[in-house]
Every structure is written in structure tokens, then in C-alpha cells.
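Worksheet: one structure, shown below.
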Amino acid sequence: MSTVNFKINSKNYSVDCGAGQEDQILAIAEQIDSKAKNLSSMFGDVDNETLLLMVCILAFGDISKAKNKVIGLEKQIAKLQEDALDEDVLANIIAQITTKIKTLSASLSSNNKPKQNNVRDTIIDFKF
């Protein structure tokens with residue numbers, strides 16, 4: 001168990017934490033101190049309890065916004081995955097295209113060149 005010492009709005013605090021968590025707690029304390037100083041400069045002389053309550057409200061507002069954004073992004077990902085072609089379907093489409101290209105290539109290289117309409121029909125008649 002370790003103890004981390006830091007200041008928030010010029011007041012000293014100590015927090016016990018697990019080994020290896022010291023840097024994370026110090027980084028969070030720096031963010032809290034920054035928000036507290038910002039609020040203090042906006043609202044003047046506010047007691048530490050009220051100031052920290054205001055910081056908590058702002059922080060949880062930010063967390064709520066971030067959660068909503070993540071939920072929206074997860075929905076977008078799910079929609080993209082839903083709309084994406086299955087690998088087997090895509091492989092089947094590629095196989096059909098390959099067959100059509102081979103057929104067209106063979107007919108173009110033969111002595112009996114097809115009419116333009118037949119070539120176009122050969123290219124366009126895919127069923128997906």
C-alpha cells in the first residue's frame with residue numbers, strides 16, 4: 001500500500017492506493033486541481049467542499065457525455081456491421097464476377113467476336 005500526497009486548490013491531501021497506482025492518482029489530482037482553480041477564478045472565494053462538489057458535477061457531466069458518445073458510436077458500428085457483406089456472400093460475388101470476366105475474355109479472344117450488345121449483356125447480368 002502506498003500513500004500519494006497532492007494539492008487541490010492549495011490544500012494538501014493524502015490518498016492511500018495500491019502499488020503502481022501513484023502516477024494515475026497524481027494525474028487525476030492534477031486534472032481536479034486544474035478544474036478547481038478554474039472554477040475558483042470564475043466564482044471567487046468558495047469553500048473547498050463546495051468547490052470539490054462543483055468539480056465532481058462537471059466531471060460526471062463530462063463522463064455522461066462521453067458515455068452517450070460511446071453508445072452512439074457503438075450503434076453506428078453495429079449498423080455498419082449489419083450492413084456489411086458476409087465473407088461468404090462477398091466470395092460468391094467475386095466468383096461470379098471472375099466467371100463473367102473469363103467468359104467475356106474468352107469470347108473477345110475468339111474469332112467469333114460477339115456483338116456489342118452481347119458483350120454488354122454478359123457484363124451486366126449479375127444477380128446479387
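Nothing in this text is a laboratory measurement; each read-out follows from the coordinates by a stated rule. Note that the coordinates shown come from a computational prediction; the quantities given were computed from them, not determined experimentally. Virtual Cβ from ideal backbone geometry, glycine too; neighbours counted across all protein chains shown.
Among the listed pairs 35/69; 37/65; 35/65; 37/75, which have their C-alpha atoms separated by more than 26 angstrom in this model?
37/75
For every other residue with a beta carbon closer than 9 angstrom to the beta carbon of residue 2, add +1 if it is Lys or Arg and -1 if Asp or Glu, then tell me the sum.
So the surrounding residues net to -2.
Could you tell me the center-to-center distance, by alpha carbons, between segment 23-59 and segment 84-107 in angstrom?
Between the Cα centre of segment 23-59 and that of segment 84-107, the gap is 61 Å.
Relative contact order for the chain using alpha-carbon pairs under 8 Å, separation at least 6, rounded to a whole percent?
On the way: 63 pairs, mean separation 17.2, N = 128.
Relative CO of the chain lands at 13 percent.
Would you mind checking the tilt of helix 48-83 against the longest principal axis of the Cα atoms of the chain, expressed as 0 to 90 degrees and rounded to 10?
Helix 48-83 and the main axis of the chain meet at about 10 degrees.
Considering amide H positions built from the backbone, and no H for Pro or chain starts, which residues 5 or more places from residue 21, or on another chain, come under 5 Å of its amide H?
When sequence neighbours closer than 5 places are left aside, there are no close amide H contacts.
Once you have the Cα-Cα distance between residue 13 and residue 91, take 0.36 nm times their residue separation minus that, and quote the gain in nm to one decimal.
Gain on extension, residue 13 to residue 91, equals 21.9 nm.
One quarter of the convex hull surface, Cα atoms only: what value does that give for the chain in nm²?
Result: 16.1 nm².
Can you show me the helix-derived [θ] at 222 nm for the chain, built from DSSP H runs with n ≥ 4 at -39,500 (n - 2.57) apiece and divided by the number of residues, rounded to the nearest 500.
-24500 deg cm²/dmol
Could I have the simple spin-label model distance between residue 79 and residue 38, label points 7 Å from Cα toward Cβ, reported in nm to one decimal?
3.1 nm
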